[in-house]
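Asker: What follows is a single structure, and I will ask about it in a moment.
The values are calculated or read from the model by the stated rules, or taken from the named source; none is laboratory data. Source: prediction; values computed, not measured. Quick reminder, even Gly has a Cβ in these numbers, built from the backbone with ideal geometry, and neighbours come from all protein chains shown. Each accessible area value is taken on the protein alone, full model and side chains, heavy atoms only, with ligands, DNA and RNA left out. Shrake-Rupley method; radii C 1.70, N 1.55, O 1.52, S 1.80 Å.
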Amino acid sequence: MSEAIAFDTHRFVKRLTDCGFTEQQAETLADEQIALLNGNLATKADIEALRQETKAAIEASKSDLMKWLVGLLIAQGGLIVALVKLL
């Protein structure tokens, strides 16, 4: 991940301790919550990097498709000319 996710651990721990958790339990849950958030959420930078990779892959596919299309059109033209000569 390229950016940190904003998460108020103090507030989280405070709310858990107010509900009856021990401070150690609340701090452990806060640490795990941060690890979960940072490990599984995509940031705007992550999405933009993926968008750029996808755009590059699409452009490469377009290029390959155009090469095949031009080659097939030339082959089709040659086949038609050959068939017309045979008639």
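Asker: For THR17, indicate whether it is touching an Asp or Glu at 6+ places or on another chain (Cβ under 9 Å) and β-branched (Val, Ile, Thr).
Answerer: Yes: the conditions hold for THR17.
Asker: Hey, among GLY71, GLY77, GLY20, which residue is at positive phi, out of contact with any strand residue (DSSP E or B) (no Cβ under 7 Å at 6 or more places or on another chain) and either free of Cβ contacts under 8 Å to residues at least 60 places away in the same chain or open to solvent by less than 100 Å² (accessible area, probe 1.4 Å) (or both)?
Answerer: Details: GLY71 fails: at positive phi; GLY77 fails: at positive phi.
Unique residue meeting the criteria: GLY20.
Asker: When you scan segment 25-39, do you find a residue that is open to solvent by 60 Å² or more (accessible area, probe 1.4 Å), modelled with pLDDT under 90 and touching a Leu at 6+ places or on another chain (Cβ under 9 Å), even just one?
Answerer: no
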